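As structure tokens, the structure follows; a few thoughts come after it.
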């Protein structure tokens, strides 16, 4: 994210759905003047204070911040949790309203090439093509993309299930610590694959970076 969004050099960034401020803090350290916005009062209460970071409470579609007031907008695994399509469209419209012409829109979301099966009720699965159309239809161009999850937690969760099956009655116990090495290995493989051109399209979670039209 930091590589694709770049250094701030005093420019303004909206962290839409900032939660407890993880990315807001990191991007402020990279030179951005950050506004972190989240619908959860509880999460915002956990967000640490920092120089060049301001927090506001509200849903993305209802944020009443000035038009064209941000040089970049970041949304990390937030828009995928807007399950109603009309609310999703309203959220994207509002993000575009707040982003200045030629500004950068970066989002990290579940965006497989094709959507298979059902998803939890708190999440709406949209394909890579659907995400791209949501922004290109509003005057943006896709500038860069990279897959960031390939193995994910799949092998780890399968190993946890097998381990618990071998030890009945341990469903509520923490997973065996010995499996942490497997989880770390999966993460390392994902990071390595994300750097291979072409392979990145196979990821089911991807970082998409758009540039808003200049006029």
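Values as computed for the structure displayed
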{"quantity": "Selection status of residue 90, exposed (fewer than 14 other Cβ atoms within 10 Å of the Cβ), over 16 Å from residue 23 (Cα atoms) and touching a helix residue (DSSP H, G or I) at 6+ places or on another chain (Cβ under 8 Å)", "calculated": "no"}
{"quantity": "Pairs where the first residue, in the range 98-114, is in a loop (DSSP other than H, G, I, E, B) and the second is modelled with pLDDT of 95 or more, C-beta under 6 Å, 6+ apart", "calculated": "111/131"}
{"quantity": "Any hit, the range 108-124, residues being modelled with pLDDT under 95, assigned by TED's automatic domain parsing to the domain that holds residue 12 and within 22 Å of residue 8 (Cβ to Cβ)", "calculated": "yes"}
{"quantity": "Residue in the range 68-83 that is in contact with a helix residue (DSSP H, G or I) (Cβ under 8 Å, 6 or more places away or on another chain), assigned to a loop (DSSP other than H, G, I, E, B) and more than 22 Å from residue 110 (Cα to Cα) present", "calculated": "yes"}
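The values are calculated or read from the model by the stated rules, or taken from the named source; none is laboratory data. Computed from a predicted model, the values in this text were never measured in an experiment. Ideal geometry is used to build each Cβ from the backbone, glycine not excepted, and the neighbour counts take in all protein chains shown.
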